[in-house]
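Visitor: Below you will find the structure I want to go over with you.
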Amino acid sequence: MKTLLLIVDPQNDFCDPKGILFIPGASDDMHRLALMIQKNREKIDSIELTLDSHHWIHIAHSYFWTNEYGDEPPLFTIIHLNDVQGTNPRWKARYPQYLAYAVDYIKKLSDQKKYELTIWPPHCIMGTWGHNIYAPLVHALHDYEKTFSEIHYTFKGGNPLTEHYSGIKAEIVDPADPSTDFNKYLLDRIAKADQVIIAGQALSHCVANTVRDVFKYLGSQQASKFVILEDACSNIVGFEHLGHQFIDEMCALNVRIAKTTDCFD
């Protein structure tokens, strides 16, 4: 049986207590995951790893937006469709050339029933410490590669005009940027695996949306081959309900929920 381990965004800004968007529990998650990899190297045929990879300027960062007084939205503000519409919107794009795009973007999120736009701290900025993989996991990955086992890396989030929670597809596709569209290469490797074990950060956002997109394109009839490691994924504070909703969805589809200590039993 071919087993693939999918690790979503195991980066310093999420997993290290000094990270800009540290997720309580994520550090322990990655220590447990690293130990699991070290103990079960011969049982894992390949590893897929996604990396949030952002610019400083981004539609989900405060600086992109302003109000009539020149103030930026506070961190973790959720910008709703009615916040950007009308003659006197609560928030608007800072630069006029993005005004129409910003309203259309929020509308598309609403129409497609995506997560509403959240203003995040600038995190996982390319070239910074926060973008790097959390060190305890790096050591386990390097040991895994010593046997010439495969690790594939997927960089997502490089387009500053769309969010990219899922490793499969951006929230809103930019027709001019193929990197925001359907990630056939990652999906093909997932499809060929007999078992897919999933870990990473955050359960409430990037893990949830990656798995949902996998099922959207592969079909939920393959759900029984998926295993979510409940002790290797955590939720962003304040968004725990999204993680709980996701786990409920997965249980209903017959996805196995396991721990790092028993996922190979």
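The values are calculated or read from the model by the stated rules, or taken from the named source; none is laboratory data. Being a predicted model, the structure only gives us computed values, none of them experimental. Neighbour counts are summed over all protein chains in view; Cβ atoms, including those assigned to glycine, are modelled from backbone coordinates with ideal geometry. The protein model used for the area step is the full one, side chains on, heavy atoms only, and it has no ligands, DNA or RNA in it. Shrake-Rupley method; radii C 1.70, N 1.55, O 1.52, S 1.80 Å.
Visitor: Give the residue, chosen from 168, 197, that is farther than 28 Å from residue 61 by Cβ, in contact with a Phe, Trp or Tyr (Cβ under 9 Å, 6 or more places away or on another chain), surrounded by 24 or more Cβ atoms within 10 Å (Cβ to Cβ) and hydrophobic (A, V, I, L, M, F, W, C).
Guide: Details: 168 fails: farther than 28 Å from residue 61 by Cβ.
Answer to the check: 197.
Visitor: One residue is enough: does region 139-160 have a residue meeting the conditions in contact with a His (Cβ under 8 Å, 6 or more places away or on another chain) and either open to solvent by 60 Å² or more (accessible area, probe 1.4 Å) or free of Cβ contacts under 8 Å to residues at least 60 places away in the same chain (or both)? Spell out the reasoning first.
Guide: Of the residues in region 139-160, the ones in contact with a His (Cβ under 8 Å, 6 or more places away or on another chain) are 156-158, 160.
Narrowing further to those that are either open to solvent by 60 Å² or more (accessible area, probe 1.4 Å) or free of Cβ contacts under 8 Å to residues at least 60 places away in the same chain (or both): none.
No: zero hits.
Visitor: Further question: Which is buried (at least 17 other Cβ atoms within 10 Å of the Cβ) and within 15 Å of the chain's Cα centre (by Cα), of 125, 106?
Guide: On the way: 106 fails: within 15 Å of the chain's Cα centre (by Cα).
After applying the criteria, what remains is 125.
Visitor: Just one of 247, 228, 257 is open to solvent by less than 20 Å² (accessible area, probe 1.4 Å), among the hydrophobic types (A, V, I, L, M, F, W, C), modelled with pLDDT of 95 or more and touching a strand residue (DSSP E or B) at 6+ places or on another chain (Cβ under 9 Å); which is it? Steps first, answer last, please.
Guide: Working: 247 fails: open to solvent by less than 20 Å² (accessible area, probe 1.4 Å); 257 fails: open to solvent by less than 20 Å² (accessible area, probe 1.4 Å).
Going through 247, 228, 257 in turn, the sole match is 228.
Visitor: Cβ-Cβ under 7 Å, sequence separation 6+ or interchain: first residue in region 253-265 and closer than 17 Å to residue 34 by Cβ and part of a loop (DSSP other than H, G, I, E, B), partner at pLDDT 95 or above and of a type in the set (Lys, Arg). Which pairs?
Guide: From residues that are closer than 17 Å to residue 34 by Cβ and part of a loop (DSSP other than H, G, I, E, B), the pairs are 260/32; 264/43.
Visitor: Where residues in region 1-52 are among the basic types (Lys, Arg) and either free of Cβ contacts under 8 Å to residues at least 60 places away in the same chain or open to solvent by less than 80 Å² (accessible area, probe 1.4 Å) (or both), which of them is farthest from residue 127 (Cα to Cα)? Walk me through it before giving the result.
Guide: From region 1-52, those among the basic types (Lys, Arg) are 2, 18, 32, 39, 41, 43; that's our starting set.
Those still in the list that are either free of Cβ contacts under 8 Å to residues at least 60 places away in the same chain or open to solvent by less than 80 Å² (accessible area, probe 1.4 Å) (or both) too: 18, 39.
Details: 18: 17, 39: 32 Å.
My answer is 39.
Visitor: Pick out the one residue from 170, 193 that is in contact with an Asp or Glu (Cβ under 8 Å, 6 or more places away or on another chain), touching a residue at least 24 places away in the same chain (Cβ under 8 Å) and of a type in the set (A, V, I, L, M, F, W, C). Let's see the steps before the verdict.
Guide: Values: 170 fails: touching a residue at least 24 places away in the same chain (Cβ under 8 Å).
The unique qualifying residue is 193.
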